[in-house]
Amino acid sequence: METPEGKGIAKRAWEAYAGVIHKTIYPSLAPFLDPVNESLSCQVVEDLLGFWVMWHLYGGFEGLERFGMHRSTIWRKVARFRKVIGSHPDEYEMPGVTIDPGEYWSSSVRKIGREP
C-alpha cells in the first residue's frame, strides 16, 4: 500500500463523481439544501460549544464521565469537536469567552449534575 488511500482509485472515482454532481445537480437543489445546511450547521455549533463549556466546567473527560455522560459519547463529541473546530476541547480557547469553574460551582447551591 503506497498511502492510506492505496493507489487512490476509489478516491479519484469519488472525486470525479462528486465534481459532476456539484456542477450539475447542486445549483438546482441549492435553494432547498442551503437552508437545511444552515440549520444543521447551527445545531452542530451549538452542541459543540455547549460540550466545550461542559468540558471545562466538569474538568474534562473524567468529569463528564462522572457527570453521567457515556465514554463513547465523550469520545464521539471530542472527535467531532476536533474535526469541526480544529483542536481538542481542552486546548481550544474561545476568543472573548472565559470560563471560571470555581466561580460557577460556588455561585449557586443548585446546579445540574454533580460537582466534579
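The numbers here are math on the coordinates, done by the rules we state, and not lab data. Computed from a predicted structure; not experimentally measured. Glycine also receives a Cβ, built like all others from the backbone with ideal geometry; neighbour counts cover every protein chain displayed.
Would you be able to say whether some residue in the stretch 30-49 is within 25 Å of MET94 (Cβ to Cβ), in contact with a helix residue (DSSP H, G or I) (Cβ under 6 Å, 6 or more places away or on another chain) and assigned to a helix (DSSP H, G or I)? Yes, the stretch 30-49 contains at least one residue that is within 25 Å of MET94 (Cβ to Cβ), in contact with a helix residue (DSSP H, G or I) (Cβ under 6 Å, 6 or more places away or on another chain) and assigned to a helix (DSSP H, G or I). The listed residues are GLY63, GLY19, GLY6, and the only one of them that is over 22 Å from the mean Cα position of the chain (by Cα) and assigned to a helix (DSSP H, G or I) turns out to be GLY19. Tally up the residues in the stretch 29-47 that are among the β-branched types (Val, Ile, Thr), under 11 Å from the mean Cα position of the chain (by Cα) and farther than 25 Å from TYR104 by Cβ, please. Residues that pass the stated criteria total 0. Count of the stretch 63-74 residues, restricted to those that are crowded, with 16+ Cβ neighbours inside 10 Å and either under 18 Å from GLY102 (Cα atoms) or in contact with a helix residue (DSSP H, G or I) (Cβ under 7 Å, 6 or more places away or on another chain) (or both), is 4. Just one of the listed residues (GLY60, GLY50, GLY86) is within 22 Å of TRP105 (Cβ to Cβ), free of Cβ contacts under 8 Å to residues at least 60 places away in the same chain and exposed (fewer than 13 other Cβ atoms within 10 Å of the Cβ), and it is GLY50.
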